[in-house]
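All remarks here apply to the structure that follows.
The values are calculated or read from the model by the stated rules, or taken from the named source; none is laboratory data. In this text, all values refer to a predicted model and were calculated from it rather than measured experimentally. Quick reminder, even Gly has a Cβ in these numbers, built from the backbone with ideal geometry, and neighbours come from all protein chains shown. Only protein heavy atoms, including side chains, enter the accessible area calculation; ligands, DNA and RNA are left aside. Shrake-Rupley method; radii C 1.70, N 1.55, O 1.52, S 1.80 Å.
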Amino acid sequence: VKFRPNLLTFCPAPAQSAEIHTGAMFNKQTGFQSLMKDGGKHFSGVDETLIKNIEACKNLAQITKTSLGPYGMNKLIVNHLGQHFVTSDTNTMLTEMEVMHPAAKLIVMACKAQRQECGDATNLVVSFGGELLMRAEELLKEGIHAVDVLKGYELARNKTLEFIEPLKVWTCKDMRSTAELEKCVKTCIASKQLGFEAPLATLVAQACVQVMPSNPSKFDVDSVRVTKVQGGNPDSSFVVEGMAIARGPSGVETCKEKAKVAVYASGIESQSTETKGTVLLENAEQLQNYTKGEEQRMDEFIKSLKDAGVDVVISGGSISEIAGHFLNKYKIMALKIMSKFELKRVCKTVGATAIIRTGPPLPEELGYVESIKVEEYASQKLTILKTRDAKIATIVLRSASPNVLDELERAIDNAVNVVRCVGRDPHFLPGAGATEIELAHQLQQFGATVPGLDQYAVLKFAEALEVVPKILAENSGHNHTDAITQLYSEHQLGKKNMGIDVESGSIVLDAAENNILDHAETKKWALRFTMDAVLTILQVDQIIMAKQAGGPKGPEGGGGARDAD
């Protein structure tokens, strides 16, 4: 048998090449990095993961803490579009800050969940979450395992939710009573706009009573709208039974009483053809007839509206000049609303159906208003629609600057959400930090009976609850150590409603007697969402970050070309 020498010499080469290639692959990196692409990152261990995550959440809580309570400070935030926000509202702060740290994002998500569920107590979620993680860090540095901290925190959460039940001090019995609704929302508004809580609470109560359904648990927050008018002061704000639209009419008619309303979703103008066409005009007479035909069709359309008894036309698009001419001729009031959401609310208010064809409306498509008129406030025209059995109420807010108007709107939004929560659960707890300090006092007594290492976590949870009265005291100028000491001494005597007095010289006051009330279910949801986020963060033992996807870098400050538009 003859062997070809060139084959014998060539055969070992592939094996040697594969060995070199495989060796290069395995010798390149060791450990976890050998599993990932170049540029991937991996962190593990208590110091690299847990402590770093806790640090990020503490920094986030440090920002929001100073905005808690009636004397909370404002933050000036400039977002990636260059818009300025001066606010003490936690949800607005976290939304515009665009937090990127993955652990801090969990706290932000808990805050947003609280916002959707209750609409209030978002600052409590972030501040309390940061405080719990800070206390957990102390235990971890003392050598206690994260699992023991988790067990203790879960036990403390369950006990806290049990302890809340007997602390309820007041129940809203009649949700159609303006006085009772004022009492419900006054504390919520005072925490954002101290000094304006009385007039704003009255406005919110009036608006909510007007649109309250027969079953209060089905109250819709979208039924109470806010229209902002710059100029004047908050005391000159008022409530409209219906809608207030911050623009004037498109024609000369400015007032109609007991009028039928037609709502057109598309504009009122001559329809163009879908395909391109050419019109050949051979003489001047044909040109005159061509324009006359367009005028005649528009005249017939507007006359058909008048024949149907329509006095007001609301358009979701543009109103052509020729349409405006005939609307004025037949004395029909025309109003243009470009926002489709606003148009939907107008349909709900007047009881009309939005029409998408060009033609006279059917009787069942028409709406009705008691009155529609244009009023002027501080050089701004306001079209006010008033209806019978209004399904929507509008609070017209007045103030000197846009920033103050935005803050007042946020305070009203929170207050309306509190009314929604009261419809589902009418119970209230004492505010001003009284509930938190009483829960801390009871948890400390319970913690002394807990066996094992869980005891340390339960006691740290109780310490973390002190954050609310502590911040309230600091923000109102009291010494927080003196305030906490005095509160504990009062609560040990059985005075469970004693909280921080932020206005007078004395440190403590009876929250229930002074009508400083927190909604019970809102407080429970805040504790639940906070604990969910905190327990998730404490269960993280490794951080694995893949290499960022390639592509061109965005402009400085974030955002893109579409955002800039």
Shape verdict for the stretch 267-410, please, from the Cα gyration tensor: rounded (a/c under 1.5), prolate (a/b greater than b/c) or oblate. prolate
Relative to the first principal axis of the alpha-carbon coordinates of the chain, what is the inclination of helix 146-164, with its axis defined by its Cα atoms, in degrees from 0 to 90 and to the nearest 10? 50
Going highest first, how would you order 372-379, 220-227 by mean Cβ packing within 10 Å? 220-227, 372-379
Per residue, how much accessible area does the stretch 126-210 have with a 1.4 Å probe, in Å²? 39
Considering amide H positions built from the backbone, and no H for Pro or chain starts, which residues 5 or more places from residue 516, or on another chain, come under 5 Å of its amide H? 431
Two-decimal ratio, the stretch 157-233, of alpha-carbon radius of gyration to 2.2 N^0.38 Å: 1.36
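Just to confirm, what accessible area per residue do you get for the stretch 455-532 at 1.4 Å probe, in whole Å²? Please report the intermediate quantities before stating the final value.
Values: 3200 Å² over 78 residues.
With the other protein chains kept in place, the stretch 455-532 gives 41 Å² per residue.
Could you please tell me the mean projected area of the C-alpha convex hull for the stretch 47-93, averaged over all directions and given in square nanometres to one decimal?
Values: hull surface 16.6 nm².
Averaged projected area of the stretch 47-93's Cα convex hull equals 4.2 nm².
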Fraction of accessible area attributable to carbon and sulfur, the chain (%, probe 1.4 Å): 52
What percent of all Cα-Cα pairs in the chain falls into each 20 Å bin, going from 0 up to the bin containing the maximum distance? 17, 37, 27, 14, 5, 1
Per the C-alpha gyration tensor (a ≥ b ≥ c, the square roots of its eigenvalues), the stretch 421-477 is rounded if a/c is under 1.5, else prolate if a/b beats b/c, else oblate; here it's oblate
Could you let me know the centre-to-centre spacing of the stretch 167-217 and the stretch 312-328, using Cα atoms, in angstrom? 41
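Give the peptides 176-183, 111-118 in descending order of average Cβ contacts within 10 Å, highest first. Mind showing how you got there, number by number?
Details: 176-183: 16.6, 111-118: 19.8.
Packing proxy ranking, top to bottom: 111-118, 176-183.
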Using θ = phi - 60° and the Karplus relation 6.51 cos²θ - 1.76 cosθ + 1.60, list the HN-Hα couplings for the stretch 521-531 in order, rounded to whole Hz, with x at every Gly or Pro. 5, 4, 5, 5, 4, 4, 5, 5, 5, 4, 5
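Peptides 458-465, 76-83, 96-103, 132-139: what's the order by average Cβ count within 10 Å, highest mean first?
Working: 458-465: 23.9, 76-83: 12.2, 96-103: 15.4, 132-139: 22.2.
Ranking the peptides 458-465, 76-83, 96-103, 132-139 by packing returns 458-465, 132-139, 96-103, 76-83.
For the chain, give the share of DSSP beta bridges that are antiparallel, in percent and rounded to the nearest 5; count only bridges with both residues there. Walk me through the intermediate numbers first.
Working: 36 of 54 bridges.
Around 65 percent antiparallel, to the nearest 5.
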Run lengths n ≥ 4 of DSSP H only: what is the helix-derived mean residue ellipticity at 222 nm for the chain, with -39500 (n - 2.57) per run over all residues, to the nearest 500? -15500 deg cm²/dmol
With respect to the cross-link table entries 340/524; 65/218; 186/256; 75/228; 228/260, which display a Cα-Cα separation exceeding 30 Å? 340/524; 65/218; 186/256
Treating the angle as unsigned and between 0 and 90°, give the value, to the nearest 10°, between the Cα long axis of helix 197-211 and the longest Cα principal axis of the chain. 60
